[in-house]
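Novice: Could you have a look at this structure, given as structure tokens, before my questions?
The values are calculated or read from the model by the stated rules, or taken from the named source; none is laboratory data. What you are looking at is a predicted structure, and each value in this text was computed from that prediction instead of being measured. Note that we place each Cβ from the backbone using ideal geometry, even for glycine, and neighbour counts take in every protein chain shown.
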Amino acid sequence: MEPMKNGEDKTIESAMIFDQQTNDQFPKQFIWPKDHLSQTSTENLNEQVIDLQGFLSHDEHATLLAANLVKESCLSHGFFQVVNHGVDPALLALAQEHGRGFFKLPLTEKLKCKQKEGSVAGFSCAHAQRFREKLPWKESLTFEYHENGTDEVITEFFNALGSQYNETGLIFQKFCWSMNKLALDIMELLEISLGVEGHKHNYYRQLYEEAVSIVRCNHYPQCNNPELTYGVGPHCDPNTLTILYQDQVGGLEVFVDNKWKSVQPNPDALVINIGDTFKALSNGKYKSCLHRVSVNRYEPRLSLVFFLCPKGDKELKAPQDLVDKDGRKEYPDFTWEEFLQFTQKNHRADENTLEGFTKWLLSSKKSNA
């Protein structure tokens, strides 16, 4: 994967395409291969919508019920939705409002926080600074959330845009705190669902102490040729756990039973999907969710995403009792920093990222031995 040169120029070029697109000359860098595009989604996904109220109030029966539903979903496709999740709906609405407001700004304003080479944080248009082809029809604003209580990370990020963004920074700080709490609660539920012995010691929670997670606002503009491109192409998330708050436009699709199925927006629910890192942490038992995002010609779509990630140098490995029960260890130990760098420098995230990373890691360790 060759790095792009003149990243800012490519970002500007892509943003101008969004604003000045025509029907007869769709830009080739946004066109996806026909073998991807031919697999259209014609069914709705009847995924589990799991009520977390009993689990969050420590009701034992409700917890076991929720854990069984989680297990069923994660063995099948790694995707479910949650309601009564404890995140304030008013806060979600505010974060969505401020996210939408950012993308309405002039491009010159958005470029004040453009993504720098080697960094995941900042404004990006179609990831044009990284890729030459199969560009996603979207623009993004990405920043980090530090679980260790460093509130200044987010507020300083937005303050750099100007004092008028002080409120935006505070709102997203609260948003991240709530999403992080929910993510850790779900990690506990995942541990129970896997039957990890001694789960009350919170093996997974402890892995995410001082975590540095990634937060992203995705904006998918209207598209005159939606049949030629994707908002995001088919991929599994490399991180551990993804929590998504989406508007009511729709476009998210999940690969289930060898076909693509559409996820109907639920205004009361948050979307949860398993990422590659947790697939490894479950010793391969739970599936990393293969998903994509379609676009439409009628209205833009906005999503707010919280990617739970461990601290970069934390050693990640499945609980030993899972390995003992399975009789083998499916994946080598690794750190999130190693995996993240692999996706940034060596491999564009797709359905084979974890397997590609595993081969690369084992090869690297063998050559350094």
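Novice: Here are some residues: Tyr245, Tyr230. Which one is in a loop (DSSP other than H, G, I, E, B) and buried (at least 19 other Cβ atoms within 10 Å of the Cβ)?
Specialist: Tyr230
Novice: If you don't mind, another one. Which of the residues belonging to the stretch 23-45 are over 15 Å from Trp137 (Cβ atoms) and among the aliphatic types (A, V, I, L, M)?
Specialist: Leu45 - this is the single residue of the stretch 23-45 that is over 15 Å from Trp137 (Cβ atoms) and among the aliphatic types (A, V, I, L, M).
Novice: From the list Lys112, Lys71, Lys34, exactly one residue is of a type in the set (Lys, Arg) and modelled with pLDDT of 95 or more. Which is it?
Specialist: Sole residue among the options that is of a type in the set (Lys, Arg) and modelled with pLDDT of 95 or more: Lys71.
Novice: From the list Glu117, Glu133, pick out the single residue that is touching a Pro at 6+ places or on another chain (Cβ under 9 Å) and either over 21 Å from Met179 (Cα atoms) or not β-branched (Val, Ile, Thr) (or both).
Specialist: Glu117
Novice: Also, I was wondering about something else. Out of the helices (runs of 4 or more DSSP H) lying entirely within the stretch 57-143, which hold 2 or more residues that are surrounded by fewer than 19 Cβ atoms within 10 Å (Cβ to Cβ), aromatic (Phe, Trp, Tyr) and touching a strand residue (DSSP E or B) at 6+ places or on another chain (Cβ under 9 Å)?
Specialist: So the answer is none; nothing clears 2.
Novice: Looking for something modelled with pLDDT of 85 or more and either more than 20 Å from the chain's Cα centre (by Cα) or not in a helix (DSSP H, G or I) (or both) - is there at least one such residue anywhere in the stretch 180-192?
Specialist: yes
Novice: Working carefully through the options Tyr220, Tyr204, find the one that is buried (at least 22 other Cβ atoms within 10 Å of the Cβ), out of contact with any helix residue (DSSP H, G or I) (no Cβ under 9 Å at 6 or more places or on another chain) and not small (Gly, Ala, Ser).
Specialist: Of Tyr220, Tyr204, the one residue that is buried (at least 22 other Cβ atoms within 10 Å of the Cβ), out of contact with any helix residue (DSSP H, G or I) (no Cβ under 9 Å at 6 or more places or on another chain) and not small (Gly, Ala, Ser) is Tyr220.
Novice: Here's something else I'd like to know. Of the numbered conditions (1) over 19 Å from Asn159 (Cα atoms); (2) surrounded by fewer than 20 Cβ atoms within 10 Å (Cβ to Cβ); (3) more than 23 Å from the chain's Cα centre (by Cα), Asn46 fails exactly one; give the number of that condition.
Specialist: Unmet for Asn46, out of (1) over 19 Å from Asn159 (Cα atoms); (2) surrounded by fewer than 20 Cβ atoms within 10 Å (Cβ to Cβ); (3) more than 23 Å from the chain's Cα centre (by Cα): (3).
Novice: Give me the pairs: first residue in the stretch 67-93 and of a type in the set (Lys, Arg), second residue buried (at least 18 other Cβ atoms within 10 Å of the Cβ), beta-carbon distance under 7 Å, and six or more apart or on different chains, which are they?
Specialist: Close Cβ pairs satisfying both conditions: Lys71/Ser193.
Novice: Looking only at the stretch 180-201, how many residues end up being over 14 Å from Leu56 (Cα atoms) and buried (at least 22 other Cβ atoms within 10 Å of the Cβ)?
Specialist: 3
Novice: Related question: Could you check the stretch 214-263 and list, in sequence order, the residues that are of a type outside the set (D, E, K, R) and without any contact (Cβ under 8 Å) to a residue 60 or more places away in the chain?
Specialist: If the condition is that a residue be of a type outside the set (D, E, K, R) and without any contact (Cβ under 8 Å) to a residue 60 or more places away in the chain, then Gln246, Gln248, Val249, Gly250, Gly251, Leu252, Asn258 are the ones that fit.
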